[in-house]
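These notes are about the structure you will find just below.
Derivation of every value follows stated rules applied to the coordinates shown; laboratory data play no part. Small disclaimer: the values here were computed from a predicted structure and weren't measured. Because the Cβ atoms are built from the backbone with ideal geometry, glycine has one as well, and the counts that use them run over all protein chains shown.
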């Protein structure tokens with residue numbers, strides 16, 4: 001499934017884990033969200049940049 005709403009769900013759950021400090025749980029969810037968004041949205045969509053920023057933050061804390 002590549003619907004943007006599914007990506008939003010993965011992203012939101014990933015952000016909850018990130019905010020809880022559970023970075024190893026957050027990363028795969030954020031990466032899945034990114035993959036879906038890249039397939040379903042234009043490459044310049046701001047949502048893609050937001051997920052990339054969250055992934056960078058998580059990786060910096062692993």
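Rounded to a whole number, what is D in µm²/s for the stretch 4-61 from Stokes-Einstein with the Kirkwood radius over alpha-carbon pairs (25 °C, 0.890 mPa s)?
226
Compute the acute angle (0 to 90°) between the alpha-carbon long axis of helix 46-61 and the principal axis of greatest extent of the alpha-carbon atoms of the chain; round to the nearest 10°.
Relative to the chain, helix 46-61 is tipped by roughly 20 degrees.
At what distance in nm do the modelled label points of residue 22 and residue 2 sit from each other, each positioned 7 Å from its Cα along Cα→Cβ?
2.9
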